[in-house]
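Notes follow once the structure below has been shown.
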Amino acid sequence: MILILFYMVCIDIGQPINPNTGQIQIDFNLIYNSCTPCVRLNFILGPYNSPDDPQWQQIYNQIVNTLLSAYIKIHALIGHEAVKNNEALFTCALSQENPQNQNIVDQWINEYVYNFVSIVDKFKNRIRVFESFNEPNNWWSNVCGPTAIVHPKW
């Protein structure tokens, strides 16, 4: 029996849309010229409130369809940018040592889960790999010292 392993190197294209305007900011020609077989596409909300927003869906459908039409596979990242962030979650107010308002934390987690499921549901027939948080053990240094980016409750 012969086992052949194929290793794919995907290009991480960063923020595919401008977080303030929602405009696509991908250099598709650069991706095409790289001859990469796949890209890591970060599903961020940008200026939209939800992945259920028709404009958000139109933009990401355009991105996904453009990449797939060039036979480029997509590795989807659905991280903290897929939710309108409450900055209090990522500061010392809700740090590991002092989680003051669990209702805010629970609300954010519930919204993240809803948005994750919504994005997967919209693209599951075109994308095979969906990643939740990358490096969930990352730490962000702020004025209060290191704080978990992903809340310790998780």
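The values are calculated or read from the model by the stated rules, or taken from the named source; none is laboratory data. Only a predicted model underlies this, so the values are computations on that prediction, with no experimental measurement involved. Cβ coordinates were reconstructed from backbone atoms using ideal geometry, including for glycine residues, and neighbour counts include every protein chain displayed.
Name every residue in region 38-82 that is closer than 27 Å to Ile109 by Cβ and part of a strand (DSSP E or B), in order of residue number. Arg40, Leu41, Asn42, Ile74, His75, Ala76, Leu77, listed by residue number. Scanning region 40-59 for residues that are surrounded by fewer than 17 Cβ atoms within 10 Å (Cβ to Cβ) and among the polar types (S, T, N, Q) returns Asn49, Ser50, Gln55, Gln58.
Residues in region 6-17: is at least one of a type outside the set (D, E, K, R), at pLDDT 95 or above and either assigned to a loop (DSSP other than H, G, I, E, B) or within 15 Å of the chain's Cα centre (by Cα) (or both)? Let's see the steps before the verdict.
Kept after step one, since they are of a type outside the set (D, E, K, R), are these residues of region 6-17: 6-11, 13-17.
Adding the requirement that they be at pLDDT 95 or above leaves 16-17.
So of that shortlist, the ones also either assigned to a loop (DSSP other than H, G, I, E, B) or within 15 Å of the chain's Cα centre (by Cα) (or both) come out as 16-17.
Yes, some residue in region 6-17 is of a type outside the set (D, E, K, R), at pLDDT 95 or above and either assigned to a loop (DSSP other than H, G, I, E, B) or within 15 Å of the chain's Cα centre (by Cα) (or both).
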